[in-house]
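Worksheet: the structure to be examined is printed underneath.
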Amino acid sequence: MKEELKQLKTDALKAIEDIKNSKVLEELEVQFLGRKNGEMTKLMKGLKDLEGDTKKAVGILANEVKKAIEGALGNKKQELTQSEWEEKLKKEKLDITQPSLPKKLSGSLHPNTIVQRELEDIFTSMGFMVLDGPELESDYYNFQALNIPESHPARDSHDTFFIKGHKNQVMRTQTSPVQIRAMQKYGAPLRVVVPGRCFRNEAIDASHDHTFYQLEGLLIDKDISVAHLIGVMKELLQGVLKRNVEIRLRPGHFPFVEPGFELDMKCLVCGGKGCGACGHSGWVETVPCGLVHPKVIEAGGLDPKVWSGFAFGLGMTRLVMQKYGIGDIRLLTGGDMRFLKQF
Amino acid sequence: MLVSKNWLKQYVKLPDSLSPEELGLKLTMSTVEVEGINDLSKSLDGIVVGKILKIEKHPDADKLQVVKVDIGQKLKIVCGGTNLTEGMLVVVATIGAKVLWHGEGEPVEMKKTKIRGVESSGMICASEEIGLGDVYPKQSEVEILDLSLVIPAEAGIQAVGKPIVEVLGLDDVVFDIDNKSMTHRPDLWGHYGMAREVAALYNKDLKKYHPSKIKDGKEFKIKVEVKDQKLCPRYMAVALSGIEVKESPAWLKNYLISVGLRPINNIVDITNYILMDLGQPMHAFDAKHLMTINKIGTDKTIVVRPAKPKEEFTTLDGEDHVLDDSMLVIADEEKPVALAGIMGGLNSEINSDTTTVVLESANFEAVNIRKTAVKLGMRTDSSSRFEKSLDPLNAELAILRAVELIKEMCPKVKVASNLSDVSNFIVNSGPIEITFDFINKKIGQELEAKVIVKILESLGFSVKEKKDRFIVEVPSWRATKDISIAEDLIEEISRIYGYDNIAPQLPVFPIIPPEINEGKLLERKMLDLCIKEFGFNQVDNYAFVSKKQIENLGGVVEKYIELDNPLSKEKPYLRRNLILNLLENIEKNIEFFDAVKLVEVGKVFLEENPGLRMETKGDELLPEQNTWITGLVASKKEQEPFWEVKKFVERLSVIFYVNVEILVSKNTKPWQHSGRTAELVIEKVSIGSVSELNPLKAKNFGLDVRVGLVEINLDRFLEILKKLKPEKKYITISEFPEMVRDVSMTVKTKINHQDIVSEIKKVNELIKSIELFDVYHGSHIEKGSKSMAYHIIYGSFEKTLKTEDVDKIHKKVVKVLQDKFGVEIR
């Protein structure tokens, strides 16, 4: 019987060795180890006829043989599963270079919105409130309250759209009227920015549009100085442009500030050496700004003896064009999806 | 404005080492914006004085001569000039110099050439060929410029070979100053004021402006009557006789040309010179055209009065104007002779037979001048200065200086009349009190008192120190409008001190988070939903729309607010909705794309609804300007784009935690499909609608696709969100399992899903939810009916439901559906 068991082991191991697929392996398992008619089972039926030590020795051997066959079966099974899966994966290969179908419609924000959001977030992080104001404004808020009385020469440079039948209503030419509305509503101290549309009755060409976006900034507190304005503007610009900038102030006249400045930034294209982008001056005119005129603070309902501050205006449309290299301003309002989908 | 460096040098001595670029930069950084610097001498490089040694006929051309010229070396030049003589001093353009061919076009570089076989090393120039045609006008066509007449004989020999710029005093640099940067500085509109500024910047002395006084003449009297002293605070006039109207001397013409003015004759040129020198406009009348008093005797009356209504007047540019009584004129007893502060009249113009002139030097009120100039569409050098509020004291300096110059040029001239001066003005010289503390706080840096005093004094202020403050008196030329409060002085001190010298500082603020702008946040959420989940492209359209657009959508033009002065005559109206321009976008894009989904956020303008206040106090209100979000969906393949936009609004309840009801709309708008429009309602407040565009209206916009439309008033939506303050709360999950039963039925099409749901809900409280999962209209269903299938979910928080119980309720549901709606269960 021992011989038979050894033979069984040899046969079984050999048979398992040669197997190439898991179905045949299952058949083999039944053939050798099947509970009812497996060869092992059949052999073991003879065990009960043996006695004593022989019985014991055969029993041990039988167990060894069984374990050996089981082990071989197990290994083979694992081996086969792995290779069969590998085979399967090969067959399932996809052309992953092909785009997914059906195509998902991809939406897009307008570039104005993207830049406006970036600015709003930066200013909010610096403690500024974001405000909004009417686009159709009164002459009072757009001009008079900003120290631009009727027939002031400064009105010349604001090519204003007037409203028919309402002499005292205009399409706002600047976001500055919200300075007054903000002071009246929130009082002081105050830190606000106002992104929004402005309107000027100007002929349209590649770099001018009658509708454009500004971002107005206003900071009101006690003892605000020219030195503060320089310091804060530098930080703000660095925040907006995400790089170090060098700035300079020079006089600029705007009736709602005193003193008023034009803030220039060292050209980011040439680093100040002079190039086409900065008109070979090395500096780019960026932000008109100044200390808020006491009359404007007063119009805002605050006491100019107590409160002071500064204001600035960022040309947002120009920033959008610079950021994305848009050469023609008309694309922004053209509603062309071939343009819009790029953002 | 153009500013000549030589002109400035009359009044302030500038270091030779100072380059024009440095001066330009200094002015830009401290005073006004210099937009360009033009070195006049550069254009005359290589053009020198030559002396003609010998003239010979050209062997091959009758009209040409071969000329030997000495320019320090000897040159042979072929020339066609007819007025050449041996020994004459001429202008020679050497090889490499640039000349204007026949005085026109772009400069051409001189090259060595052969003219009809004879070599020529340069050119003997006519005045126009070196850009001096206006200074030295030619008498005949082929005449070269004879320098012997220009250069004094004794200087002639030394001049040979020298650059023409040096010999003729043309070595000037002109600064082009941005007028917009000096609208607030009346004093800078003349060279003397600019020189004062430069002197302050470089810490140099400014030459005093001291024209000689004049003695009254006895020939006749001038009587000035000013009818409106508010509009004319000062009027000065004097008559000069013995005038000889002729060409001005070269120095005067050079100055005028350098600042862009064309020389006319000595009298006009002098008034223009004063204009550019002091910034004071003047006018000269021909006295013989001013009527004498009562048409007898010799005395003259000048009346400064408002124009009569519809009074006609021809200005000296030949233009006819009809005036009104808001305009000020200068008149004699009969007729206007000048439009005050703007332009003189053709009827009293100076010309070659003028022998007696009346000079006017006046001061007019800025706003009135500006209004008149705007009304008549005439902006002149004079009006653009008066509208800046000129210093009335300059009127006197100007008239004295003009008399001085005329006498210099015409020695026979006599003062013929009294110097009339009618004035009614106060110089508002302050004083302004300004404390040291104020200065330091405003600038943010401590400046020494003596530095401050020096700066202010250099600009003409007089300063007294008193305890903790300065008492500052404002000079007349800064007192008209420019400087009236302490803040104005801060600008003066800090700009001359130099903004670059102020160290940046950061203010200190308490850490308080800024108030969130809920409106902007809502805008963001809505846009993000459109873009990220539904693939919309955001557009940004103009706020202006056309009559045709309005009518195409079935709107009423009269309701629209209109611009008084639209840029595009076609689109003068302010939008009342965002649809109009969005439809144009769709029409433009649908050609290139199968599906177009566009969204816009923007304000619309409704005159009938109240908006914000127009002034701090008072009842007048602006029109309402709510922000709307509007999305349009169009696809060539989709016949029911309504569902796509509805899907969008269905997300609102989820995102904003409020129940946005989508109700059958009772009043559809003209542009909405009457059978496919729903109103969006939160707590009985309508915030917008979702619909299909009425296909008839779509056709008006050239669209033959179906268009889905969602419109939401974000201000309204925000208002209700702020009121409800909805918050997300977790709902407990029942421990007991739910049971689902389906019901599938045929229903009449007129019956709405919403009605079915509410009836089912009423049946039993164990019904947790009802989900529609299929709708079918088609060939297998009877016409006028639809097939609908629902999952009905039963559940309880208290117990596990028994099948029998659920079945019992479900039977009841079916019965209710049959009884109420006559459905046929499938």
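Select, from B:Ala416, B:Ala449, the only residue that is in contact (Cβ under 8 Å) with a residue 60 or more places away in the chain and away from chain A (no Cβ under 14 Å).
B:Ala416
Taking (1) free of Cβ contacts under 8 Å to residues at least 24 places away in the same chain; (2) assigned to a loop (DSSP other than H, G, I, E, B); (3) touching a Pro at 6+ places or on another chain (Cβ under 9 Å); (4) closer than 25 Å to B:Val403 by Cβ in turn, B:Leu256 satisfies each apart from (2).
Here's the yes/no breakdown for (1) farther than 26 Å from B:Asp172 by Cα; (2) among the small types (Gly, Ala, Ser); (3) surrounded by 19 or more Cβ atoms within 10 Å (Cβ to Cβ); (4) in the same structural domain as B:Asn266 (by TED's automatic domain parsing):
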| residue | (1), (2), (3), (4) |
| --- | --- |
| B:Lys57 | yes, no, no, no |
| B:Asp70 | yes, no, no, no |
| B:Lys76 | yes, no, no, no |
| B:Leu84 | yes, no, no, no |
| B:Val91 | no, no, yes, no |
| B:Val99 | no, no, yes, no |
| B:Gly122 | no, yes, yes, no |
| B:Gly133 | no, yes, no, no |
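Do we have B:Glu640 as closer than 18 Å to B:Lys699 by Cα and more than 14 Å from every other protein chain (Cβ to nearest Cβ) here? Explain how you work it out, then say what you get.
Working: closer than 18 Å to B:Lys699 by Cα: yes; more than 14 Å from every other protein chain (Cβ to nearest Cβ): yes.
Taking the combined requirement at face value, the residue satisfies it.
Of all residues being under 13 Å from A:Phe312 (Cβ atoms) and at pLDDT 90 or above in the range A:235-258, which is farthest from the other protein chains (Cβ to nearest Cβ)? Just the residue, please. For the range A:235-258, the residue satisfying everything is A:Phe256.
On the stretch given as the range B:342-361, residues that are within 10 Å of B:Leu316 (Cβ to Cβ) and surrounded by fewer than 21 Cβ atoms within 10 Å (Cβ to Cβ) total 3.
Show me the strands (runs of 3 or more DSSP E) entirely contained within the range B:1-102 in which 1 or more residues are in contact with a His (Cβ under 6 Å, 6 or more places away or on another chain). Quick ask: steps written out before the conclusion?
Values: elements: B:2-4, B:34-39, B:47-57, B:65-70, B:74-79, B:89-93.
By residue number, B:65-70.
Within the range B:495-542, the set of residues being assigned to a loop (DSSP other than H, G, I, E, B), more than 7 Å from chain A (Cβ to nearest Cβ) and within 31 Å of the chain's Cα centre (by Cα) comprises just one member, B:Gly498.
If I go through the range B:560-576 residue by residue, how many of them are closer than 11 Å to B:Ile550 by Cα and either facing another protein chain (nearest Cβ under 8 Å) or within 23 Å of the chain's Cα centre (by Cα) (or both)?
Taking the range B:560-576 as the starting set, the residues that turn out to be closer than 11 Å to B:Ile550 by Cα are B:560, B:571, B:573-576.
Adding the requirement that they be either facing another protein chain (nearest Cβ under 8 Å) or within 23 Å of the chain's Cα centre (by Cα) (or both) leaves B:571, B:573-574.
Total satisfying the criteria: 3.
Of the strands (runs of 3 or more DSSP E) contained entirely in the range B:108-212, those carrying at least 1 residues that are over 30 Å from the mean Cα position of the chain (by Cα) fall at B:113-115, B:118-120. Within the range B:775-785, being surrounded by 15 or more Cβ atoms within 10 Å (Cβ to Cβ) and out of contact with any strand residue (DSSP E or B) (no Cβ under 6 Å at 6 or more places or on another chain) holds for no residue.
The residues listed here are B:Leu766, B:Leu772, B:Leu709; of these, the one that is touching a helix residue (DSSP H, G or I) at 6+ places or on another chain (Cβ under 7 Å) and exposed (fewer than 14 other Cβ atoms within 10 Å of the Cβ) is B:Leu772.
Residue count for the range B:419-446 satisfying the condition of being surrounded by fewer than 18 Cβ atoms within 10 Å (Cβ to Cβ), within 14 Å of chain A (Cβ to nearest Cβ) and outside any helix (DSSP H, G or I): 4. Restricting attention to the range A:217-238, the residues that are touching a helix residue (DSSP H, G or I) at 6+ places or on another chain (Cβ under 6 Å) and of a type in the set (D, E, K, R) total 1.
Restricting the search to the range B:323-341, which residues are surrounded by fewer than 18 Cβ atoms within 10 Å (Cβ to Cβ) and within 26 Å of B:Asn294 (Cα to Cα)? Correct list: B:Asp324, B:Asp325, B:Glu333, B:Glu334, B:Lys335. For beta carbons closer than 7 Å, sequence separation of 6+ or different chains, a first residue in the range B:369-390 that is closer than 14 Å to A:Ser151 by Cα and at the interface with chain A (Cβ under 10 Å from one of its Cβ atoms) and a second that is outside any helix (DSSP H, G or I) and modelled with pLDDT of 95 or more, the qualifying pairs are B:Ile369/B:Gly341; B:Ile369/B:Ile342; B:Lys371/B:Ser326.
For the structure I just gave you, tell me whether B:Ile770 is at negative phi and assigned to a strand (DSSP E or B). Yes; evaluated as a whole, the condition is true for this residue.
One line per residue, one yes/no per condition, for (1) outside the structural domain of A:Phe254 (by TED's automatic domain parsing); (2) in contact with a helix residue (DSSP H, G or I) (Cβ under 8 Å, 6 or more places away or on another chain); (3) hydrophobic (A, V, I, L, M, F, W, C):
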residue: A:Cys267; (1), (2), (3): no, yes, yes
residue: A:Trp283; (1), (2), (3): no, no, yes
residue: A:Val287; (1), (2), (3): no, yes, yes
residue: A:Ala299; (1), (2), (3): no, yes, yes
residue: A:Leu302; (1), (2), (3): no, yes, yes
residue: A:Thr317; (1), (2), (3): no, yes, no
residue: A:Val320; (1), (2), (3): no, yes, yes
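Looking across B:Asp715, B:Asp704, one residue alone is modelled with pLDDT of 95 or more and either assigned to a helix (DSSP H, G or I) or out of contact with any Ser or Thr (no Cβ under 8 Å at 6 or more places or on another chain) (or both). It is B:Asp715.
Counting only residues that are outside any loop (DSSP other than H, G, I, E, B), more than 14 Å from every other protein chain (Cβ to nearest Cβ) and within 26 Å of the chain's Cα centre (by Cα), how many does the range A:81-118 have?
At the first step, the residues of the range A:81-118 found to be outside any loop (DSSP other than H, G, I, E, B) are A:81-91, A:108, A:111-118.
Within this subset, residues satisfying the condition of being more than 14 Å from every other protein chain (Cβ to nearest Cβ) are A:81-91.
Now narrow it down to the ones that are within 26 Å of the chain's Cα centre (by Cα): none.
The total comes to 0.
Selection of the range B:735-753 for residues being touching a Lys or Arg at 6+ places or on another chain (Cβ under 7 Å) and without any contact (Cβ under 8 Å) to a residue 40 or more places away in the chain yields only B:Thr749. When each of A:Thr124, A:Thr173 is tested for being touching a helix residue (DSSP H, G or I) at 6+ places or on another chain (Cβ under 9 Å), of a type in the set (Val, Ile, Thr) and in the same structural domain as A:Tyr213 (by TED's automatic domain parsing), the lone residue that passes is A:Thr173.
Candidates in the range B:585-603 are the residues that are facing another protein chain (nearest Cβ under 8 Å) and out of contact with any strand residue (DSSP E or B) (no Cβ under 8 Å at 6 or more places or on another chain); of these, the one that is surrounded by the fewest Cβ atoms within 10 Å (Cβ to Cβ) is B:Phe592. For B:Glu824, the stated conditions hold: it is over 25 Å from B:Ile662 (Cα atoms), modelled with pLDDT under 95, among the acidic types (Asp, Glu) and surrounded by fewer than 17 Cβ atoms within 10 Å (Cβ to Cβ). Within the range A:32-83, the set of residues being surrounded by 14 or more Cβ atoms within 10 Å (Cβ to Cβ) and touching a Ser or Thr at 6+ places or on another chain (Cβ under 7 Å) comprises A:Gly34, A:Lys77, A:Leu80.
The values are calculated or read from the model by the stated rules, or taken from the named source; none is laboratory data. The model shown is predicted, which means the values in this text are computed figures rather than measured ones. Glycine also receives a Cβ, built like all others from the backbone with ideal geometry; neighbour counts cover every protein chain displayed.
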